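So the structure is just underneath, and the comments pick up after that.
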């Protein structure tokens, strides 16, 4: 079984009569980029505050890097780098002073801090802004600086609350690229978001939360398999005679689960083949049709995107 670096069991957090997190069980494998996805108010931030020891669970258990968040909070804090969804107020600090302050908080000796700051600024591409005042940075630069701060004590786990929220498209791409680079460096990254594009681009694993409950989680491959258990191939042909010929050719092929006529498009006939085979099998279907002398005007596999998966899961279609 894959080692888990974050694990929760039946985690609950109540605020009076309101249940923000309701029996949530997470499994985050070591070395993964885990997207914690859900609408605003789903319980993402509350969950992160419990994982980072800032909020005590009402009930249930949680471990980070093997340490209990309730029984070993100091060990958890040493293992994590936490980036909240708000940058905070540091108007009177220069960029390098900001990092120096946080490095000092982690008892990093002053003699080591200059090189550390230089390395962190280079990593997040802010070396040219080291002497600027923090409040003069753009939001995207502040997010990169905040991410650099989480790395000051070389944590094994990064817990990031909406790291791309409010950023323009270019800044969002820069943050995503930085997260991928950190994963290559051996960090496990657990980040919350409601922006599905951020997840589909970089995540290896995903958990979907709604109303404080996990309703689906797993690797991206496993999750896609839940919503698309077989391949859907659309074949575009010249006329109905060709359609009937293709049906005759593929109907007996192993792995073909069904064949259905589709609405014509631009005067061209189309059909869909439901198929459970691999990539070589898909190529073989194409070769069989071509070998029969049938002109193929289009041969494409339909793929379901993350948005489709999210909508189906949250509507209870996938359990």
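The values are calculated or read from the model by the stated rules, or taken from the named source; none is laboratory data. In this text, all values refer to a predicted model and were calculated from it rather than measured experimentally. Neighbour counts run over all protein chains shown; Cβ positions are idealised from the backbone, glycine included.
Residues in region 186-239 that are at positive phi and over 15 Å from the mean Cα position of the chain (by Cα): 186, 211, 212.
Of 199, 173, 209, 180, all but one fail to be buried (at least 21 other Cβ atoms within 10 Å of the Cβ), in a helix (DSSP H, G or I) and either modelled with pLDDT under 95 or assigned by TED's automatic domain parsing to the domain that holds residue 137 (or both); the exception is 199. Looking across region 50-73, just one residue is closer than 19 Å to residue 149 by Cβ and surrounded by fewer than 19 Cβ atoms within 10 Å (Cβ to Cβ), and that is 54.
Only one of the numbered conditions (1) modelled with pLDDT of 95 or more; (2) within 30 Å of residue 18 (Cβ to Cβ); (3) assigned to a helix (DSSP H, G or I) is not met by residue 117, and that is (2). Candidates 35, 31, 41: the one that is in a strand (DSSP E or B) and either at pLDDT 95 or above or assigned by TED's automatic domain parsing to the domain that holds residue 219 (or both) is 35. What single numbered condition from (1) under 26 Å from residue 48 (Cβ atoms); (2) outside any strand (DSSP E or B); (3) out of contact with any helix residue (DSSP H, G or I) (no Cβ under 9 Å at 6 or more places or on another chain) fails to hold for residue 214? Result: residue 214 passes all but (2). Within region 23-44, the set of residues being surrounded by fewer than 17 Cβ atoms within 10 Å (Cβ to Cβ) and farther than 19 Å from residue 76 by Cα comprises 23, 39, 40, 41. Reported count of residues in region 251-304, each being under 15 Å from residue 231 (Cβ atoms), touching a residue at least 60 places away in the same chain (Cβ under 8 Å) and touching a helix residue (DSSP H, G or I) at 6+ places or on another chain (Cβ under 7 Å), is 3.
With respect to the conditions (1) outside any helix (DSSP H, G or I); (2) out of contact with any helix residue (DSSP H, G or I) (no Cβ under 7 Å at 6 or more places or on another chain); (3) more than 27 Å from residue 104 (Cα to Cα); (4) without any contact (Cβ under 8 Å) to a residue 60 or more places away in the chain, residue 165 falls short on a single one, namely (4).
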